[in-house]
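Undergrad: Here it is, the structure, as structure tokens.
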Amino acid sequence: MKNIIRDPGPLENFFIPRNVIHRERQFRDIFSSVILPLRSCIGSTAFIYGQSGTGKTVTVRQIMEKERDLHIFYENAISITSFKKVMGDLAASFGISIEGKISYESVFRLMQRVNNKQVLLIVDEALNLIRSDFEGLYSLMRSGELFGTSIGILIISVDNPALHLSAQDMRKLGIFNEIKFDRYTRNQILDILSSRASISLYGGSYSDEILSQIASLCEKSGSARMGIEILQKSAFGAQYRGADAIDLEDVRAAAAMINPFITESKLMELDFREILLLQSVCQNLINEGECTMESLSRSMAVNAEIHGIKQPDTAFIYRAIRHLETLDIVESRLESFGPGKGVRKKVYVNDVPVEVLMKKIQEISGRL
Ligand SMILES: Nc1ncnc2c1ncn2[C@@H]1O[C@H](COP(=O)(O)OP(=O)(O)O)[C@@H](O)[C@H]1O
Ligand SMILES: [Mg+2]
């Protein structure tokens with residue numbers, strides 16, 4: 001039996017590396033905006049955002065391991081629809097069960113009584129929660145001062161929340177701390193891959209060329225997750241072949257395997273209206289061979305009617321297209337009608353063939 005993989009653990013999604021590299025600024029910002037104030041009993045909130053795979057979760061996980069003197073409660077909010085539920089779960093982490101109606105006040109009072117540690121609440125994958133329960137978020141952020149208990153709050157999402165809130169909500173929120181996780185550069189991904197390969201694969205089973213090739217494939221997405229997944233699948237592929245080392249063909253096969261999964265996880269971050277819009281984009285591309293903003297608003301209006309939801313306005317369509325662009329699902333380009341004849345915006349689908357995307361959308365909307 002030839003050997004490639006020494007320890008599969010570090011190639012798994014849940015693995016927490018000892019060192020999180022290239023995130024020094026983000027660590028510093030989290031400390032100065034939330035952790036240090038908390039130590040002086042000042043509550044504050046920071047919004048952490050960045051594309052999938054940019055190290056948000058792993059960064060806060062590392063903070064959790066280091067800051068043992070705080071009571072840290074972490075919640076993944078992907079399928080949670082209200083901040084009250086998060087508060088109920090936070091209370092439960094103190095061993096307090098709050099039955100029936102949860103008020104923020106009751107949770108804060110009980111926390112004060114039970115625990116003398118400062119509380120840091122981390123809500124991960126929170127974009128849909130922010131959008132569906134802004135009032136809950138706002139009350140939570142204000143509760144500290146209202147009830148005389150200060151907690152630190154980190155709200156993590158894939159996009160800047162400012163782009164998903166109304167102007168009125170933004171005014172209410174006032175100034176807030178925002179900490180952006182940029183896409184990793186190719187070289188940063190290469191560093192992350194090198195350190196991950198060194199603890200999971202046998203020396204000699206991979207080369208610099210292989211790691212560079214994987215890093216190049218991830219350059220556009222800037223996602224370390226994508227890099228590690230390709231590394232993992234390449235390693236399993238080579239091992240399965242009985243080879244001594246990973247070769248470029250293993251990398252190509254691995255990359256082809258993970259694309260549909262990436263698309264699917266991106267789709268899970270969209271709300272129903274955005275899914276409908278994306279479906280409208282696909283319909284235009286399939287039926288007309290192109291998708292202009294005008295044809296898009298027409299087919300979106302039809303789809304909205306079919307599903308009995310509010311007619312989307314132009315502002316919504318532009319905002320949603322922007323969101324789809326930040327997720328790298330679509331790309332929009334301005335195209336000229338010819339010299340002096342003006343331009344129009346057209347939308348294209350990235351990543352996967354339109355038919356494949358359409359099929360994924362239908363699978364997902366069946367689950368919504
Ligand atoms: N700076 C880093 N150093 C080491 N590993 C990293 C780093 N950033 C991300 N990773 C790895 O990449 C994967 C995705 O990171 P994660 O924190 O889950 O991203 P996000 O939460 O932003 O989607 C994880 O396997 C994580 O261990
Ligand atoms: Mg995450």
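Every number in this text was worked out from the coordinates using simple rules, so none of it is lab data. No experiment lies behind these values; they were computed from the predicted model shown. We place every Cβ from the backbone using ideal geometry, glycine too, and count neighbours over all the protein chains shown.
Undergrad: What residue among Val34, Asn303, Thr326 has its Cα farthest toward the positive end of the dipole of the chain, where the charges are +1 on Lys, Arg and -1 on Asp, Glu, each on the Cβ?
TA: Checking the options against the dipole of the chain, the answer is Val34.
Undergrad: Separate question: Once you put a point 7 Å from the Cα of Gln362 and another 7 Å from the Cα of Phe176, both along the Cβ direction, what distance in nm separates them?
TA: Reported label-point gap for Gln362 and Phe176 is 3.8 nm.
Undergrad: Only helices at least 24 Å long along their own axis, judged from Cα atoms, and with Kyte-Doolittle mean hydropathy of -1.0 or greater: name those in the chain from DSSP H.
TA: Answer set is 224-241, 248-267.
Undergrad: Return the distance in nm (one decimal) between the two label points of a simple spin-label model at Ile78 and Ala162, each offset 7 Å from Cα along Cα→Cβ.
TA: According to this spin-label approximation, the distance is 2.8 nm.
Undergrad: Per-residue ellipticity at 222 nm for the chain, helices alone: DSSP H runs ≥ 4 residues times -39500 (n - 2.57), over residue total, nearest 500 deg cm²/dmol?
TA: After summing the helix terms and dividing by the residues of the chain, the value is -16000 deg cm²/dmol.
Undergrad: Now for a different question. May I ask for the distance between the Cα centers of region 114-148 and region 159-173, given as a whole number of Å?
TA: The two parts, judged by their Cα centres, are 16 Å apart.
Undergrad: Shifting gears a bit: Give the percent of DSSP beta bridges with both residues in the chain that are antiparallel, rounded to the nearest 5.
TA: Numbers: 9 of 29 bridges.
Close to 30 percent.
Undergrad: Still on this structure, please answer the following. Neighbour counts of other C-beta atoms within 10 Å: give me Tyr240, Tyr74, Tyr348 arranged from fewest to most.
TA: Tyr240, Tyr348, Tyr74
Undergrad: How large is the translational diffusion coefficient of region 1-41 in µm² per second when you combine the Kirkwood radius over alpha carbon pairs with Stokes-Einstein at 20 °C and 1.002 mPa s?
TA: Estimated diffusion coefficient is 160 µm²/s.
Undergrad: What is the total of Lys pairs in region 84-231 with C-alpha atoms under 24 Å apart, excluding same-chain pairs fewer than 8 positions apart?
TA: Lysine pairs satisfying the spacing and distance rule in region 84-231 number 8.
Undergrad: Test of understanding: express the Cα radius of gyration of region 272-367 as a ratio to 2.2 N^0.38 Å, with N the residue count. If you can, show how the numbers build up before the last one.
TA: Working: Rg = 13.3 Å, N = 96, 2.2 N^0.38 = 12.5 Å.
Cα-based Rg divided by the globular estimate yields 1.07.
Undergrad: Describe numerically, in nm with one decimal, the distance between label points set 7 Å from Cα along Cα→Cβ at Ser212 and at Ile286.
TA: Going from the Ser212 label point to the Ile286 one covers 4.2 nm.
Undergrad: Continuing with the same structure: If one computes P(r) from the Cα atoms of the chain, what percent of pairs lie at distances over 34 Å?
TA: Value for the chain: 38 percent of Cα pairs lie more than 34 Å apart.
Undergrad: Next question, about the same structure. Give the residues of region 203-232 whose amide nitrogen is closer than 11 Å to a point set 7 Å from the Cα of Arg186 in the direction of its Cβ.
TA: Answer for region 203-232: 212-220.
Undergrad: Can you find, among Leu137, Gly152, Ser97, the residue sitting farthest towards the positive end of the charge dipole of region 24-180, where Lys and Arg contribute +1 and Asp and Glu -1 at Cβ?
TA: Highest projection toward the positive end goes to Gly152.
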